[in-house]
Every structure is written in C-alpha cells, then in structure tokens.
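The values are calculated or read from the model by the stated rules, or taken from the named source; none is laboratory data. Given the structure is predicted, the values throughout are model-derived calculations rather than measurements. Neighbour counts are summed over all protein chains in view; Cβ atoms, including those assigned to glycine, are modelled from backbone coordinates with ideal geometry. With ligands, DNA and RNA removed, areas are computed over all heavy atoms of the protein, side chains included. Shrake-Rupley method; radii C 1.70, N 1.55, O 1.52, S 1.80 Å.
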Amino acid sequence: MGADPVSYPAGGTAGDDAALVARAQGGDGAAFDLLVRRHQQIVFAVALRMLGDRDEAEDVAQDVFVRAYRAIGSFRREAKVSTWLVSIAMNLCRNRRRWWARRKRVIVASLDEPVETEKGAVEHAVADPAPGPRHQAESAERERHIMAALLQLSEVDRTMIVLRDLQGHSYEEIAEIAGCQLGTVKSRLSRARVQLRALLDGML
Amino acid sequence: MDCQTYQRWFSPYIDGALSAEERSQLEAHLATCPRCQTELVSLQRMLGTLKMMEQPHAPDLLPGVRRKLARQPWWRGVLERMTGPWRLPWHSFALAGTAAVALVAVGVSVYLQRGVQGGMKSNADSMGQSFTNREDWQSRSDSHTVVTNDAFQGRGDESGFPAAEEPAGAGKSFGGNLGHAEKSEVRVSSPPTEVTIAIPQRQESKEAELDSDGSVLAKDKERQVPNDSASCKAQGGVWGTFGLAQVQLCNMPTSDADKECTDAGQCESRACVAPAETAPGQPATGRCHGWTVTVGTCLNRVIGGQATGTLCED
C-alpha cells in the first residue's frame, strides 16, 4: 500500500502501522507511543471538526487512544489503523455530544472568541491566521464561516462532510467507518453538501 | 430528466463515482444548460475550499493518554492482570521519568477528588470540563476513586506511595495515604474543585513545532490532483498537454488566484507574478497565478520580494 498523505503525515505506510500494532500487541510500549504520535493529528482533527470545541476534542482524542490501547489485542492487523481509530473517534464524539445533550447543554463553539487555556495562552478553535497579508486573515475568516456552518449541520450531514471533504476518506472507507452501504454514503454525502452550501449561502 | 435530477448527480460526479454512461449523460446536459453549469461550479468551489482547509494543530496527546490509562479503577488492574498478555509494561516506556511524575499527580488527584466527594454530583456541570475520562468516571461508583499502581508494577514504593489502595467502602481510610500526598512536592495551583494539576500536560512535541514552522508557507497540504481527463474536468480543471516534454496534466484554478504576494512560497501555484515590465532585481509585489500549471508559460516572478524578470518555463 502506498503512502497516503491524509493518514500518514509522517510519510509512513500501512505496513509500518501493521508492524507497530504487532509490536504493541506483544507488549512494546514504545510502539504504542509511536502509534499515538503518528495518528494523533488525524484523530484530533476529526474530534475537533465534529465537536467544534478544542478542549472537548483533546479530551475525546485522548479517550480514543485509551480505548484503542485496551482493545488492541483484538485489532485485526489486516485492517487499516487510521480507519479503525477514526471510527472509534466517531463513536466517542457521538457519546460526548449525547452526554452534553443529557445535561441540556450544547457544546457551543464560540469560534470568534479566543479560548484561554491553562497556561493563559490564547487559542482559537480554527487555525489562527499567521500575521501577514490581509488575504490570510480573509481566508481564516472564510474557514471560520465554514466551521460555524459545519456545526449547524445534522450529525449525519456533518459526519459525511468531515470524513469526505475535510479528512479525504474514500467512499469505501466512509462506508466502513460509518457502518453503512456505499450507496447510502453516496446519497448522504450529496445531501450533506447541498445542506452545507445552503447554510453558507444563507450566512453571507 | 430535469435539472433538479441532474443536480443530484453533481456530488458523485465530482468524486468520480458516476458510471461512464451517467457521466456522459450529465456532461451532455451541462453543455447545454448554463444554469446547471453555474450550480456545478459553485459546488466545485465550495468543495475546493473545504479540501484546502488547514489541518488543525493537534496538541501532543500522549501524556494525557498515559495519565488516563494510569488512572484505572482497582478492578481494571485486576482484570488486566488476569487477561491479555499484551498489557504494556510501563517501565518500558521511553519517558520513565514521566511515569514517576504521573504517579505523584495521580495520588494528588485522588486526594482532591476525595475532598470534593460531597459536592461531586451537584458540581458535575461545572466540573464537567475537568473530568478527563468520563468513560471511566461513569463506570465506577461516585463514592470512591481508587488508584492502584498495578500498572506501575511495584514502582509505588519508590515514589513513597502505597502499593495498592482499596475502595473506601471497604473501610480503609485514605488518611494515611493522604499524608504522603500532602507532603508531596507537587503544587496544585488550581482550586480544589478542579481536578487539573499543575503538571505540563500540553507539551508540544518536537514534530509539532517543526510542523508549525513549516506552515509559514502557503498551505503545503497535498492537493490530490486528478490524473485523468474525466476527473480533471469533474473537479473544475482543464486537461491539457504542456511544455516541451508534452506532459499531460490537469490544470486547476488555484484557490488563491490574484492574492497579493511577495514570494512564490505564498502561492498555491508557486508562482507570484509581477507586471512584465518590472525589471529583474527590482523590489516587487505580485499576484498569485491563477492556475496550478505553469509549464509552458512566461512569467515575471517575484521571489523574496524581488522580480526575476520574465522567464519562460519549458
């Protein structure tokens, strides 16, 4: 299997992952560490894009790896680690949203307001525009709009957009992650994109 | 078939998921329907923007993951001892020092959680954000939080903490153990209702720092360029033959066309174009080229704020 720029930013391959999993299953702690480091960016990105809140996303992303660690004994090495982790992430995000819903609170992403972290640093839910040409501020603004619209989508719609248009998964991978048929992915994705466009048009 | 039906095909068309027949049917319709053309382009633009969105900067999750794995209820440690030869021995982890620190942290956090037992349920909302592992939290009873050092395989003695702790319900008080916690040197800077501890939890890994340095340039994100004429067209590009080598490429409109720039690195096309008449070496501000392919073009490029003079690329 060749390098996949979305799933393997370190330039590794699925074969490397399989080897790491094998080592981790055999008790190699450093191998598990490596798996975390390799995939944390993707897992965090999925969580952030589904939940819209950085702190929640970090918390859930950690939980993903905790669950993966506990279940690693049963992971089939022929499967793709990244897809496996993303499906765990999707599950946990859904649970987290329901957790908040039960407490009658919605995770509100104030994307325009800076979020103060423990160290007093200021972070935004969306990538901060680097100081520079005005255009970069404009594109960050555009990204904020998109994120805000994304969070208004239904869970199903948002899942489709995040997995396909933000994370770059194939239809087959999405079917595997979301646990549905290929045809379902096709139609859900189509509807989700129409919805998103309607939201974006309405926001301008 | 009417426009509305055709427009439902746009999404799979862009992803190359239509059959060859459906695709040619749609393209035939598009050739005669300006309204559908506009709709398609609008959708392609939106998807193009989504595709190019920056990946969020992820914090280093590993310390938090380890911390959560260490804070297991007592029965989990027993369970794992009984099953799975795959349990990872913690002393084999690279950062052994962190494990010792985590132990102390864990002891302190137990102390704090015990301290706010009474107000736990009512404070749930405000503390909600502080629960670092809701899964585990819900899986054990609210009345006690227990830490074992089963996961640490006997290192408890070294750090001054007891080897194992039983649930409060069993009658053993935490008092003696807490003595250790109080004397520990870990300073808790947050108020007792918070479980967070003043241990650096968000240490950026070296890799992350390099990444953020690398992103000084315009989005280096790999844009998956269509490699056949059908998908090229479906995504809004133009398939053509370029340069002396007569290479076949998909020429895509760039997302930052006409953006002001002072260096090639700022543009998706890697071409920041100045007016042709700007002399080489002159300070210049240009605008990003509107297409991804520059082979076969003659451009006056701006690099490092200076014009290079019109050069042709073969």
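Quick notes on this one:
- FRET E, pair A:Arg37, A:Asn91, Förster distance 22 Å, beta-carbon r, rounded to 0.05: 0.50
- In this calculation the C-beta distance from B:Glu260 to B:Val295 is compared with R0 = 22 Å, giving a FRET efficiency of 0.35.
- Taken across both chains, chains B and A shield about 5900 Å² of accessible surface from a 1.4 Å probe.
- Cα convex hull of the range B:243-284, projected area averaged across orientations, nm²: 4.2
- Take each residue of peptide B:267-275, count the partner chain Cβ atoms within 10 Å of its Cβ, and average: the result is 0.
- Within the range A:52-86, trypsin sites (Lys or Arg not before Pro) in DSSP loop having at most 15 other beta-carbon neighbours inside 10 Å: A:Arg76, A:Arg77
- Seen from every direction in turn and averaged, the convex hull around the alpha carbons of the range A:123-204 projects onto 6.2 nm².
- Paramagnetic label zone (point 7 Å from Cα along Cα-to-C-beta, B:Val238; backbone N under 17 Å) in the range B:36-50: B:41
- Per DSSP, loop GluC sites (Glu not before Pro) in the range B:252-314 with at most 12 further Cβ within 10 Å: B:Glu277
- Mean partner shielding of peptide A:26-38, defined as the number of other chain Cβ atoms within 10 Å of each residue Cβ, is 5.
- Accessible surface for the range A:123-204, divided over its residues, is 47 Å² per residue with a 1.4 Å probe.
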